[in-house]
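One structure below.
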Amino acid sequence: MLCEAHRGAIKCRSGLSIVFANDGYKGNDRSKLEVDLLRQRLEDSAVAELAFGFCPAGYTWVMLVDSGNTAQLDDGVWEATLIAFAVGGTVNSVQRG
């Protein structure tokens, strides 16, 4: 896993950030919906997605974005998560830290 947090945003260098989640991306439709919702929010905010990938086990996903505003990105990934859970899952594994 990327870190202990389930999801969030980390500034990696000036103007770039990594958005991530540790939520079983590869085999989890809710997680994929979360990514789709986040992508829509990024597009609406004119923030470019530069790269996307997930770990070999498919559990952790990461997205490199052209923004240094980690507070906005963190809010975005959590908003996407809460919507995705409301659409198709439970909130048992939601942990904002």
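Read-outs throughout are calculated quantities, based only on the coordinates presented, and are distinct from any laboratory measurement. Computed from a predicted structure; not experimentally measured. Here Cβ is always computed from backbone atoms with ideal geometry, including for glycine, and neighbour counts include all displayed protein chains.
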Checklist outcome for this item: Highest mean packing first, using Cβ neighbours within 10 angstrom, the peptides 65-75, 42-52 sort as 65-75, 42-52
Checklist entry - Between D36 and K11, how many nm apart are label points set 7 Å from Cα along the C-beta direction? => result 3.3 nm
Checklist entry - Where nothing but the Cβ of Lys and Arg (+1) and of Asp and Glu (-1) is charged, how large is the charge dipole of the chain around its Cα centre, in debye to the nearest 20? => result 220 debye
Checklist outcome for this item: Given (i) 12.2, 36; (ii) 18.4, 53; (iii) 12.9, 39 as possible values of Rg and Dmax of the Cα atoms in Å, the one from the coordinates is (i)
Checklist entry - What are the trypsin sites (Lys or Arg not before Pro) within the stretch 1-87 that DSSP puts in a loop, where the Cβ has at most 13 other Cβ atoms within 10 Å? => result none
Item to check | Distance in nm between pseudo-label sites at I83 and A46 (7 Å out along the Cβ direction from Cα) | outcome: 2.0 nm
